[in-house]
Amino acid sequence: MQKKLSVRHLLGIKNITTDDIELILDTASSFKEVINRPIKKVPSLRDITIANIFFENSTRTRLSFELAEKRLSADVINFSASGSSVKKGETLLDTVNNILAMKVDMVVMRHSSVGAPHFLSRHVKAHIINAGDGTHEHPTQALLDAFSIKEKFGTIAGKKVCIFGDILHSRVALSNIFCLQKLGAEVMVCGPPTLLPRYIKDLDVKVETNLNKALQWCDVANVLRIQLERQTIKYFPTLREYALYYGINRSRLEHLDKEILIMHPGPINRGIELSSDVADSKHSIILDQVENGVAIRMAVLYLLAGMP
Amino acid sequence: MQKRKIFDNRLLQITLERLCYEVIEEFDEFENTVILGLQPKGIFLAERIKQNLNRILQKDISLGYLDPTFHRDDFRKKDSPLRPNQTFVPFLLEDKKVLLIDDVLYTGRTVRAALDAMITFGRPAKVKLLVLINRKYSRDIPIQPDYVGMEVNCMQHEKVLVELKEQNAESDNIWIITKEEN
């Protein structure tokens, strides 16, 4: 297996290789052991300073990155757009260059504009990690999802994974599709036609609008959140109707002749895309995903910090 | 390239047996004592020493694998990040006596990293270091072994090559390899 990543930045899954993904997953399993020790900290990145720059709201990803950085002994500074000079009209590049002038080695960035981290990676020397750019990519989420599936099944190749819900607004969906396909899984997307991107078939995924058929097909159901904050127009009549046709609940799962794994990147709209009895059931690995998220982010930071 | 054999199968067995009796002198019945093998090669020797001790003392002694990679001081001094191995320490070290085992002691940096990695599992009461081969006069930092299988004097351009059956070698052999100097 290769020893280092082929990239200096983690901008998306699309532009990294299958070997890169496997190196990250492999390294993450070492870090999963570290975060289960009595002392959950190693000194690998003690000479590195990392800026977490979040221009969009986040709970899980920001905490997960911050914890991963602290577990690796890096120095961490946090920046969120609200309450900053961005509100006074400072440009993205100026903001980041000012932060980098304080001798920062890596930048973890979430931004509402597609391609913002790519733009940044062309103009600054620091390593950039994309923590979500608009509706484009969210690579560490896809990596932790793949890690969680692999942990349960031992392999990803040949597994059938269906992504349910709001595919149109989801960066998790796109990164997951790239990642799962590179690792040899079959991918389906399922949701109301209005929430499926028009050219989704070009990505070589199966498309299904009937929830029961999709559930019957898959081994893993990765359920996405309905992103009401990104929906500027009405894509479905009411949340109640969405829950009725596309909500996954226990009775639907009991009608299947097999057991499937339930995943959700969070935050869950309980009772809309996923009912509470499914989210909290033994088939759900939602909290494993959160734990694995820290290990995956430690692996990404460790491997990128090792690049020139 | 010249190759000089310093251990064969038989000598290795005799040496490991002798080391076992030496550690029993110190640790007696191995009460409250655990063995930690250092990744990657120390774990194989640790396994063998554990089997010997189990046979001699008629009890099961706890063994863990410790990987010092994340605690090393040469991370990012090399072209690519150091690849970690598995750490498997299924017990706490708080107030335990610990026997650390590695194959070759050279600069001492691995052992220094291992001591750091070790204390993330608790504060041991006492730690002793056993190495199969001690390369003398080559230490970068002041770390010395307590039990030694063999002491060798090597030059910097010489390398100690450890081949063990556990790594699919045909038989156990340890060599000193001298690269031709240009």
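The values are calculated or read from the model by the stated rules, or taken from the named source; none is laboratory data. What you see is a predicted model, and the numbers here were worked out from it, not measured in a lab. Cβ atoms come from the backbone with ideal geometry, glycine included; neighbour counts cover every protein chain shown. Side chains included, ligands, DNA and RNA excluded: accessible areas come from the protein's heavy atoms. Shrake-Rupley method; radii C 1.70, N 1.55, O 1.52, S 1.80 Å.
Take the alpha carbon atoms of the range A:169-220, find their center, do the same for the range A:92-108, and report the distance between the two centers in whole angstrom. What the calculation gives is 36 Å, centre to centre.
Applied to the range A:45-50, the Karplus parametrisation 6.51 cos²θ - 1.76 cosθ + 1.60 on θ = phi - 60° returns per-residue 3J(HN,Hα) values of 10, 5, 9, 10, 10, 10 Hz, with x for Gly and Pro. Within the listed set A:PRO43, A:PRO192, A:PRO139, the residue fluctuating most in the Gaussian network model of chain A (springs between alpha-carbon atoms under 10 angstrom) is A:PRO43. Sequence-ordered 3J(HN,Hα) estimates for the range A:165-182 from the Karplus curve with 6.51, -1.76 and 1.60 and θ = phi - 60° stand at x, 7, 6, 4, 9, 9, 6, 5, 4, 5, 5, 5, 4, 4, 5, 5, 5, 5 Hz, glycine and proline given as x. Helix A:60-71 and the longest principal axis of the Cα set of chain A meet at an angle near 40°. Summing Lys and Arg as +1 and Asp and Glu as -1 over all other residues whose Cβ lies under 10 Å from the Cβ of B:ASP172 gives a net charge of -1. Of the trypsin sites (Lys or Arg not before Pro) found in the range A:230-287, the ones in coil according to DSSP and having at most 12 other Cβ atoms within 10 Å of their Cβ are A:LYS234, A:LYS258, A:LYS282.
When the listed pairs A:LYS32/B:LYS136; A:LYS125/B:LYS78; A:LYS70/B:LYS78; A:LYS32/A:LYS125 are checked against a 27 Å cut-off, the alpha-carbon distance exceeds it for A:LYS32/B:LYS136; A:LYS32/A:LYS125. Of all the options B:PRO68, B:PRO40, B:PRO90, the one that moves most in a Gaussian network model of chain B with Cα springs shorter than 10 angstrom is B:PRO90. Using the Cβ of A:HIS138 as centre and a radius below 14 Å, the other residues enclosed give a net charge of +3, where K and R count +1 and D and E count -1.
Chain B against chain A buries an accessible area of about 1900 Å², both chains summed, 1.4 Å probe radius.
For chain A, adding -39500 (n - 2.57) for each run of n ≥ 4 DSSP H residues and dividing by the number of residues yields -11500 deg cm²/dmol at 222 nm. When the GluC sites (Glu not before Pro) in the range A:199-308 are filtered for DSSP coil states and for at most 13 other beta-carbon atoms within 10 Å of their beta-carbon, the remaining sites are A:GLU259. Report, ordered by chain and residue number, the lysines lying within cross-link reach of B:LYS59, taken as a straight Cα distance under 26 Å and ignoring same-chain residues fewer than 8 apart. Result set, ordered by chain and number: B:LYS41, B:LYS50, B:LYS96, B:LYS97, B:LYS126, B:LYS128, B:LYS165. Summary value for chain A: 21 percent relative contact order, contacts being C-alpha pairs under 8 angstrom separated by 6+ residues. Among the trypsin sites (Lys or Arg not before Pro) within the range B:73-136, those in coil by DSSP and having at most 13 neighbouring Cβ atoms inside 10 Å are B:LYS77, B:LYS78, B:LYS136. Across chain B, the mean sequence separation of Cα contacts (distance under 8 Å, 6 or more residues apart), normalised by length, yields a relative contact order of 26 percent. Counting Lys and Arg as +1 and Asp and Glu as -1 over every other residue whose Cβ lies under 13 Å from the Cβ of A:GLU66, the net charge comes to +4. Interface residues of the range B:119-143, defined as a loss of at least 30 Å² in heavy-atom accessible area between the chain alone and the complex of all protein chains with a 1.4 Å probe, are B:THR120, B:PHE121. For chain A, the longest principal axis of the Cα atoms and the long axis of helix A:18-34 meet at an angle of about 80 degrees. Surface calculation, 1.4 Å probe, protein heavy atoms: A:ASP20 sits at approximately 0 Å² accessible. For A:ASP219, the residues whose amide H sits under 5 Å from its own are A:LYS160, A:VAL161, A:CYS162, ignoring neighbours fewer than 5 places away on the same chain, with H placed 1.01 Å from N.
When all protein chains stay in place and ligands, DNA and RNA are ignored, the 1.4 Å accessible-area order of B:ILE119, A:ILE233, B:ILE24, A:ILE53, largest first, is A:ILE233, B:ILE119, B:ILE24, A:ILE53.
Distance between the 7 Å Cα→Cβ label points at B:LYS78 and B:TYR21: 3.9 nm. Among rounded, prolate and oblate, which fits the range B:64-151 when a ≥ b ≥ c are the square roots of the eigenvalues of its C-alpha gyration tensor, a/c under 1.5 means rounded, and a/b larger than b/c means prolate? Verdict is oblate for the range B:64-151. For chain A, A:CYS179, A:CYS190 stand unpaired, since no other cysteine beta carbon lies under 4.7 Å from theirs.
The figure for A:MET307 is an accessible area of roughly 20 square angstrom, using a 1.4 Å probe on the protein chains alone. Pairs of Cα atoms nearer than 8 Å and 6+ residues apart set the relative contact order; for the range A:139-286 it is 23 percent. State the number of lysine pairs found in the range A:139-286 whose Cα atoms come within less than 18 Å, restricting to pairs 8 or more positions apart or on distinct chains. Lysine pairs, 8 or more places apart or on different chains, close enough: 21.
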